[in-house]
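Mind looking over this structure? Questions follow.
Any read-out appearing in this document is the output of simple, stated calculations on the displayed coordinates, not a laboratory observation. These numbers come from a predicted model, not from an experiment.
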Amino acid sequence: MQKPIFKRIILKISGEALAGKKGFGIDPDTINSIAHQIMEIRQSGVEVAVVVGGGNIWRGRSSKDMDRATADYMGMLATVINALALQDALEKRDVPTRVQTAIEMRQIAEPYIRRKAIRHLEKGRVVIFAGGTGNPFFSTDTTAALRAAEIDAEVILLAKRVDGVYDSDPEKNPDAKKFSDLEYIDVLNKGLGVMDSTATSLCMDNKIPLIVFGINEEGNIKKVVMGDKIGTYVKGESK
C-alpha cells in the first residue's frame, strides 16, 4: 500500500479555485471534492492544515477606489466565509475540524494560537487558518508561508486553477512552457508570480518546499501527498 511522503502539510487553496468554473462564489462540487480529498489524506495519517484565500468573494488589492487597508480587511472576512464552508463540507464527512482566525470572532471560530493549532493537528483534526495574517498589505500566500514556518509543516501544497508554474499565462498563451522544478531564487528573478515576493522570500529563508498543482482534477491532492510527480516543485537553492 502506498504511503504518504509527508507527515504535516499546509494546503493553500486559492479563492479562485473554490469558485470552480463559476468564477465567483463557492462551487459546491469543487468544495465537496476538496473536502473528500482532505478526508482521504487525513485517513492515511497526514496532519492537514489549510489556508484559504478569498478572491472568489472579494479581492482587496483590485479595489482601486477604496482605502487599501479597508479593502484588505474585507478580503480577510471573505476568507472566513470560505473557511466555514470548507469546515461544513469536512464535518459532513465526519472529519473533526477547527477554524482559527487571525482576527478574533469567537462566536464562529477560535483565535489563532500556534500551540493550540499544533495540538489540534496532533489529535488528528484538520485546522483551517482564516483571516490572513490579520494585517492588511499581506496576501494569503504570505499567510501560508508564515503558518507553515510556525507549525513546522514539511511542505506547502499550492492548489490552483492551473496545473503548475509556467513561463507565461497558459490561459492566454497556448505555447506557455511548464516548469517541473524550480528554485525560489528563479521565481523571484523571473517574476513568475507563483507567490508574491514576501511569501516567496519567507519560504526560501525557512527552506519550506512548495508544490504547485491543479485542483480541478479529482484526486490531485492525494497524488501530491503520496509523492506522484505532478505540478511544479519549488525549493531552495541547490548546494
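Please turn the phi angles of region 208-219 into ³J(HN,Hα) values with the Karplus equation 6.51 cos²θ - 1.76 cosθ + 1.60 (θ = phi - 60°), one per residue in order, whole Hz, x for glycine and proline.
9, x, 10, 10, 9, 8, x, 8, 6, 8, 4, x
Can you show me the helix-derived [θ] at 222 nm for the chain, built from DSSP H runs with n ≥ 4 at -39,500 (n - 2.57) apiece and divided by the number of residues, rounded to the nearest 500.
The per-residue figure over the chain is -11000 deg cm²/dmol.
Under 12 Å between alpha carbons, and skipping anything fewer than 8 positions from K207 in its own chain: which aspartates and glutamates qualify?
Within reach: D152, E154, E183, E237.
Now a separate question. Which aspartates and glutamates, if any, have their Cα less than 14 Å from the Cα of K222, not counting same-chain residues under 8 positions apart?
Correct list for K222: E40, E47.
Taking every Cα atom in region 32-184, find the radius of gyration and the maximum pairwise distance Dmax, and write them in Å.
16.4, 49
Filter K21/K177; K92/K116; K116/K160; K123/K160; K21/K116 down to the pairs with a C-alpha to C-alpha distance above 32 Å, please.
Violating the 32 Å Cα-Cα cut-off are K21/K116.
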